[in-house]
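Q: Please read through the structure below; I'll follow up with questions.
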Amino acid sequence: MKWGLIGASTIAAEHMIGAFRAVEGGEVVSVLSSSPDRAASYAAEHGIAHGLTDLDALLGDDQIDAVYISTTNEKHFPQAMAAIAAGKHVLCEKPLAMHVADAAKMVRVAEEAGLVFATNHHLRNAGSHLAIREAVQAGRIGDVLSLRVFHAVYLPPHLQGWRLDNPGAGGGVIPDIVVHDADTVRFHLGEDPVDVVAIATSAGMGQGVEDSVMSVWSMPSGATVMTHESFTHRFAKSGFEIHGTEGSIVARNVMTQQPVGEIILTAEAGTEALSFSTHNLYHRSVGLFCDAVNGQGRPSADGADGVKSLAVASAVSKAAETGQRTAVDYGGI
């Protein structure tokens, strides 16, 4: 697979370039930045042949099979649409777009063109979450009653900037973290939230955007989901809990890009630690994407998954703004 990077991003540098190269035959051909200096220095630093500032030039390269989009959120829609028009498969960072309707359009157009379109939701690729899902599907906790997500963390300085002060670029904790939690909840429960209530606030890190939010979601099965996301909690540990009629699963430090954490299952027979694979999350995601391009299976999180996670986050944002219980609009997906 020959890749073009749309965005000279931190996540590409820290995780994705290595993941693309880890798949047999994987190669990163070009990288795009709005800054000529950034494009050149990034390409040199990461051993990429071409550092470009012209999207058409990158997309016009016939050797590129797929693009990875990791620019700021407001650029995802036009860049993805251009990539699809150029016949490229697309792996896009979350959220797919600023609006659900745009995200749904991207996914439909890619499907009509016969292209693979996927969302880079990494958590469903984690060994910890695969183990939790397996236990739930095996009936080890019975029928799910409730789920709690603790994803209040501290946004590291090198990731601050537009996420904290630029609503026009899609800044704020809701588009940054709630989308991940929405996807992870959907992955485990196999159903989509119906409606939400929420309260958002800024503790001083966010300038014009929220830096913390709590919300409660109702599910079609009757289960209830509570989530807490934040950029400001310097000493908190993340957590993921699923409670059922026959048992509970409590996982700590698993809402992360690293293959770490612990999972405890408690039921009538007692308490046990669940083991899980410590494989690289992004290597698995890219591998499944490449398999899908080759006609084998589907990406770990496809375009529809990205639309639905954005729809939940959009409902949380609206509920926090209005103070009203808000139905989730999935844009027809």
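Q: If I filter the stretch 36-53 down to residues being out of contact with any helix residue (DSSP H, G or I) (no Cβ under 6 Å at 6 or more places or on another chain) and open to solvent by less than 40 Å² (accessible area, probe 1.4 Å), which single residue comes out as nearest to F289 (Cα to Cα)? So that I can check it myself, show each step before the final result.
A: To start, the set of residues in the stretch 36-53 that are out of contact with any helix residue (DSSP H, G or I) (no Cβ under 6 Å at 6 or more places or on another chain) comprises 36-45, 47-50.
Of the ones still in play, those that are also open to solvent by less than 40 Å² (accessible area, probe 1.4 Å) are 39, 42-43, 48.
On the way: A39: 26, Y42: 24, A43: 24, I48: 21 Å.
Here the answer is I48.
Q: So, G161, is that one open to solvent by less than 20 Å² (accessible area, probe 1.4 Å) and under 22 Å from A12 (Cα atoms) or not?
A: Details: open to solvent by less than 20 Å² (accessible area, probe 1.4 Å): no; under 22 Å from A12 (Cα atoms): yes.
In short, no.
Q: How do the pairs read when you match residues in the stretch 282-305 that are of a type in the set (G, A, S) with residues anywhere that are part of a loop (DSSP other than H, G, I, E, B) and open to solvent by 70 Å² or more (accessible area, probe 1.4 Å), using Cβ under 8 Å and keeping only pairs 6 or more apart or on different chains?
A: Correct list of pairs: A292/R298.
Q: How about the stretch 7-56: which of its residues are in a helix (DSSP H, G or I) and of a type in the set (D, E)? Spell out the reasoning first.
A: Here is the first cut: in the stretch 7-56, the residues in a helix (DSSP H, G or I) are 10-22, 36-45, 55-56.
Result: E14, D37, E45, D56.
Q: Would you tally the residues in the stretch 231-288 being among the acidic types (D, E) and open to solvent by 80 Å² or more (accessible area, probe 1.4 Å)? Before the answer, list the steps.
A: Of all residues in the stretch 231-288, those among the acidic types (D, E) come to 241, 246, 262, 268, 272.
Subset that is open to solvent by 80 Å² or more (accessible area, probe 1.4 Å): 246, 262, 268.
Looking only at that region, the number is 3.
Residue-by-condition table, conditions (1) of a type in the set (F, W, Y); (2) under 26 Å from H99 (Cβ atoms); (3) outside any helix (DSSP H, G or I):
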{"site": "V225", "(1), (2), (3)": "no, yes, yes"}
{"site": "F240", "(1), (2), (3)": "yes, no, yes"}
{"site": "S248", "(1), (2), (3)": "no, no, yes"}
{"site": "V254", "(1), (2), (3)": "no, no, yes"}
{"site": "Q258", "(1), (2), (3)": "no, no, yes"}
{"site": "I264", "(1), (2), (3)": "no, no, yes"}
{"site": "K318", "(1), (2), (3)": "no, yes, no"}
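Q: Additional query: All but one of (1) open to solvent by less than 40 Å² (accessible area, probe 1.4 Å); (2) in a helix (DSSP H, G or I) hold for V213; which doesn't?
A: (2)
Q: Restricting to the stretch 54-64, name every residue that is in contact with a helix residue (DSSP H, G or I) (Cβ under 9 Å, 6 or more places away or on another chain) and either surrounded by fewer than 19 Cβ atoms within 10 Å (Cβ to Cβ) or of a type in the set (K, R) (or both).
A: D56
Q: For P78, all conditions in the list (1) open to solvent by less than 10 Å² (accessible area, probe 1.4 Å); (2) free of Cβ contacts under 8 Å to residues at least 60 places away in the same chain; (3) farther than 12 Å from G170 by Cα hold save one; what is the number of the exception?
A: Of (1) open to solvent by less than 10 Å² (accessible area, probe 1.4 Å); (2) free of Cβ contacts under 8 Å to residues at least 60 places away in the same chain; (3) farther than 12 Å from G170 by Cα, only one is false for P78: (1).
Q: Which residue is modelled with the lowest pLDDT, if the candidates are limited to the stretch 252-270 and must be in contact with a Leu (Cβ under 7 Å, 6 or more places away or on another chain) and not aliphatic (A, V, I, L, M)? Outline the logic, then answer.
A: From the stretch 252-270, those in contact with a Leu (Cβ under 7 Å, 6 or more places away or on another chain) are 255, 257, 259, 263, 265; that's our starting set.
Then drop every residue that is not not aliphatic (A, V, I, L, M), which leaves 257, 259.
Details: Q257: 93, P259: 96.
Within the stretch 252-270, the match that is modelled with the lowest pLDDT is Q257.
Q: Against the conditions (1) open to solvent by less than 60 Å² (accessible area, probe 1.4 Å); (2) in contact with an Asp or Glu (Cβ under 6 Å, 6 or more places away or on another chain), where does Q207 fall short? Just the number, please.
A: Here Q207 meets the rest and fails (1).
Q: Also, I was wondering about something else. I need the full set of residues from the stretch 154-181 which are in a helix (DSSP H, G or I) and free of Cβ contacts under 8 Å to residues at least 12 places away in the same chain, in order please. Explain how you work it out, then say what you get.
A: Filtering the stretch 154-181 down to residues in a helix (DSSP H, G or I) leaves 157-159, 162-165, 167-169, 173-181.
P157, the sole residue that qualifies.
Q: Another one. Among S128, S146, which is the only one that is polar (S, T, N, Q), open to solvent by less than 40 Å² (accessible area, probe 1.4 Å), in contact (Cβ under 8 Å) with a residue 60 or more places away in the chain and not in a helix (DSSP H, G or I)? Lay out the reasoning, then the answer.
A: Working: S128 fails: not in a helix (DSSP H, G or I).
Being polar (S, T, N, Q), open to solvent by less than 40 Å² (accessible area, probe 1.4 Å), in contact (Cβ under 8 Å) with a residue 60 or more places away in the chain and not in a helix (DSSP H, G or I) holds for just one of S128, S146, which is S146.
Q: Related question: Take L115 and decide whether it is assigned to a helix (DSSP H, G or I) and within 21 Å of F289 (Cβ to Cβ). Step through it out loud before you land on a result.
A: Values: assigned to a helix (DSSP H, G or I): no; within 21 Å of F289 (Cβ to Cβ): yes.
Answer is no for this residue.
Q: State all residues of the stretch 108-156 that are out of contact with any Pro (no Cβ under 9 Å at 6 or more places or on another chain) and small (G, A, S); if no residue qualifies, say none.
A: Selection gives A110, A113, G114, A131, A135, A138, G139, G142, S146, A152.
Q: May I ask you to list the residues in the stretch 1-46 that are among the charged types (D, E, K, R) and under 17 Å from Y282 (Cβ atoms)? Step through it out loud before you land on a result.
A: Let us first name the residues in the stretch 1-46 that are among the charged types (D, E, K, R), namely 2, 14, 21, 24, 27, 37-38, 45.
E14, R21, E24, E27, listed by residue number.
The values are calculated or read from the model by the stated rules, or taken from the named source; none is laboratory data. Note that the coordinates shown come from a computational prediction; the quantities given were computed from them, not determined experimentally. Quick reminder, even Gly has a Cβ in these numbers, built from the backbone with ideal geometry, and neighbours come from all protein chains shown. Note: accessible area is taken over every heavy atom of the protein model, side chains too, but ligands, DNA and RNA are not part of it. Shrake-Rupley method; radii C 1.70, N 1.55, O 1.52, S 1.80 Å.
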